[in-house]
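The values are calculated or read from the model by the stated rules, or taken from the named source; none is laboratory data. Everything quoted here is computed from the prediction, not taken from an experiment. Quick reminder, even Gly has a Cβ in these numbers, built from the backbone with ideal geometry, and neighbours come from all protein chains shown. Keep in mind that these areas ignore ligands, DNA and RNA; they rest on the heavy atoms of the full protein, side chains included. Shrake-Rupley method; radii C 1.70, N 1.55, O 1.52, S 1.80 Å.
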Amino acid sequence: MQTVSRILPVLMCLTMLSSCASDAEKAPAADPNEKNSGSVFAMDTYITVTAYGENGEKGISAATKEIERLEKLWSVTDEGSEIYAADHAGGAEISISGETAELIRFAEEMHSRTNGALDISLYPVLSAWGFTTGKYRVPDDDEIAQLLGRTGVDRIKLGDNKLTLPKDMEIDLGAVAKGCAGDKAAAALKESGVECALLDLGGNIQTVGETKPDGSKWKIGIRDPNGEGSAATLEIGEGVVITSGGYERFFEQDGEIYRHILDPKTGKPADSGLVSATAIGREGRYCDALSTSLYVLGEEGAEKLWRESGDFDMVLIADDGSVTITEGIEDSFSLTIPAELKVLRR
Ligand code: ADP
Ligand code: MG
């Protein structure tokens, strides 16, 4: 996995007919008709930030810088990152920043809330399958059992600014880092005076502002796991829509398909009957953790977590083509493919 951090300054000024709804009240005189966007390749994906209003350029620059800063902090492959340092400390205690400690603590919390479905200590197992390098192979059961012995979130020793991993352990924040980067990039946009923006972090969607400049809601597509286009659309206010799908990274061997999200209980690709899981809520890091977990948990486990939590909505697409959504998004959700739709209610 290469760490590339290149800003592609695609700054475009497009003429819009109306200003951002909240902008319009405050500063209509400045330059409200502006739409800027910029892209950066970071966290192994293309990230695009689109910002409306006069502070757009400044906001985009702040947001992309923030994402690049976080990549340097949390990359598993960048030798200068805090995660790399932790993974290569040979069992010694290392100093880490407060924000890294906070994200690890959050991942530990989500590990327990999801009954172990989210596990940042799976890295040695993911490496054995080749999902970290692209050199794919199928490890045998003995190897997997031995590698699972090196995992276990409860073995992480975490203080406010100190981290100690057992010598044989490696962690990877891949399932939550992009979501958290989205939160911090959205905050950077707001601090720059942007009130209306859309962040696309390789399919993780995060919005700033309850509406688009024309006063309409943000329309987000949910990818069809079996095709090129979208399977559904969703209209949201300020929030996040994050999908984990087996179609994102996989390989085929001897007629079997192996997908990149692992079930921590088996050390093998999650085989829960879902082909994609989308979490919709207010916070990026939470929905990122959730989307991975829901995918591992499958329909039944996901429904249980949803009933226990009460602070997110979800879209589950099963391998038989059926779609399950939760009642909170019922009125803003439309299928764009023919499918059986089930709505979960409390
Ligand atoms: P993506 O980053 O591909 O959009 P996710 O947010 O679901 O998708 O994260 C998946 C990544 O997390 C994988 O590429 C892998 O590095 C790691 N991973 C795989 N399975 C798990 C798991 N059960 N818990 C935590 N991390 C996982
Ligand atoms: Mg995730």
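Points worth noting:
- For segment 77-172, the alpha-carbon coordinates run over 39, 31, 20 Å along the three principal axes, in decreasing order.
- Three-way shape call for the chain based on the alpha-carbon gyration tensor, with the a/c threshold at 1.5: oblate
- Of the solvent-accessible surface of segment 77-172, computed with a 1.4 Å probe and all protein chains present, 45% belongs to carbon and sulfur.
- Residue pairs exceeding 26 angstrom between C-alpha atoms, taken from K58/K162; K35/K190; K190/K212: K58/K162.
- Using the alpha carbons alone, the radius of gyration of segment 85-243 stands to its Kirkwood radius in an Rg to Rh ratio of 1.05.
- Sparse-neighbourhood loop sites, GluC sites (Glu not before Pro) in segment 256-340 - DSSP loop, at most 12 other Cβ within 10 angstrom: E340
- Between 0 and 90°, nearest 10: helix 98-113 axis offset from the chain longest Cα axis: 70 degrees
- Surface analysis of the chain yields an accessible area of 44 Å² per residue, using protein heavy atoms and a 1.4 Å probe.
- Computed over segment 280-325, Cα set: Rg, Dmax in Å: 10.2, 30
- Global size of segment 202-275: 16.1, 52 Å for Rg and Dmax (C-alpha atoms, Rg to one decimal, Dmax whole).
- Distance from segment 289-345 to segment 200-279 (C-alpha centre basis), Å: 12 Å
- Counting only the Cα atoms, segment 265-346 fills a convex hull of 99 Å³ per residue.
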